[in-house]
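Participant: One structure is given below, represented as structure tokens, and several questions about it will come after.
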Amino acid sequence: MATIVALVAAIRQWAATLNASHSFIHVTTGSNIEATDRLMKAAGVVFVGGAYVV
């Protein structure tokens, strides 16, 4: 899980360098969706209309 949290943190840093207000992360897994949701929420993202937004 730490790897995903670090990846999301890196995406946030990269987006900040581009002055982006949001980053969309598209999850393409079809298995264990509940665990994926818990993982993304642990990374501090919010589910919005089919995508997670940082």
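Rule-based calculations on the coordinates, nothing more; no lab input. As the structure is a computational prediction, the values presented were derived from the model and not from experiment. Positions of Cβ are backbone-derived with ideal geometry, glycine not excepted, and every protein chain shown enters the neighbour counts.
Participant: Between residues in the range 7-18 that are under 16 Å from L39 (Cα atoms) and residues that are surrounded by 10 or more Cβ atoms within 10 Å (Cβ to Cβ), which pairs lie under 6 Å by C-beta distance while being six or more apart or on different chains?
Facilitator: V8/A43; I11/S23
Participant: In the range 3-46, what count of residues is obtained for those that are part of a strand (DSSP E or B) and surrounded by 13 or more Cβ atoms within 10 Å (Cβ to Cβ)?
Facilitator: Residues that pass the stated criteria total 2.
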